[in-house]
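*Asks:* Let me give you the structure first, and then I'll get to my questions.
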Amino acid sequence: MKKKRILVDMSASIIHHGHIRLLKKAKRYGKVIVGLTIDNEIKKYKGFIPELNFLQRREILKELRCVDEVIASKWIITQSFLDKNKIDIIISGADYSSRKFTTKSIIFPRTKGISSSKIRKRFFKK
């Protein structure tokens, strides 16, 4: 039986344990493909240049045993992107629960108290 293709989209500008937990949950459903946001989209939508560039973030994610593939993505995931990449299920954190796709979508709660934004704010306060 062919494994389902599972998309987890993320910026992973600062990779943390919340990302790892989400990816491990996604792995239970099939082959995990990370849709990694490209640098200029992070700049456009979040207003900063990521600490690690796309190639560096991709290299780190590809080394995780729960990740099978990493593909470049825009900030906004569309149904056509899911179709083009033959995605069977998209898995997201609760902060993206309002998105609607014809592709099956599974939402998991965020890991409490952690986000790249919180880490960034804590670091730049010093």
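Nothing in this text is a laboratory measurement; each read-out follows from the coordinates by a stated rule. Everything numeric here is computed off the predicted structure, so don't read it as measured data. Ideal geometry is used to build each Cβ from the backbone, glycine not excepted, and the neighbour counts take in all protein chains shown.
*Asks:* Report relative contact order for the chain in percent, whole number only (criteria: Cα-Cα under 8 Å, sequence separation at least 6). List each step's numbers first, then the result.
*Replies:* Values: 187 pairs, mean separation 38.0, N = 126.
With pairs under 8 Å counted, the relative contact order is 30 percent.
*Asks:* Taking the Cβ of Glu63 as the centre, find all other residues whose Cβ is under 15 Å away and add up their charges (Lys, Arg: +1; Asp, Glu: -1). Kindly include the intermediate steps, with their values, before the conclusion.
*Replies:* Numbers: positive: Lys24, Lys27, Arg57, Arg58, Lys62, Arg65; negative: Glu59, Asp68, Glu69.
Summing Lys/Arg as +1 and Asp/Glu as -1 gives +3.
*Asks:* Hey, another quick one. Once you list every other residue whose beta carbon is under 15 Å from the beta carbon of Ser105, what net charge do they have if Lys and Arg are +1 and Asp and Glu are -1?
*Replies:* So the environment of Ser105 carries a net charge of +2.
*Asks:* What's the Cα-based Rg to Rh of the chain, Rh via Kirkwood?
*Replies:* Values: Rg = 14.1 Å, Rh = 14.9 Å.
Taking Rh as the inverse mean 1/r over Cα pairs, Rg/Rh reads 0.95.
*Asks:* Further, regarding this structure: With 10 angstrom as the radius, rank Lys62, Lys84, Lys25 by how many other C-beta atoms surround their C-beta, starting from the fewest. Don't jump to the answer; show the numbers that get you there.
*Replies:* Working: Lys62 13, Lys84 10, Lys25 16.
Result, fewest neighbours first: Lys84, Lys62, Lys25.
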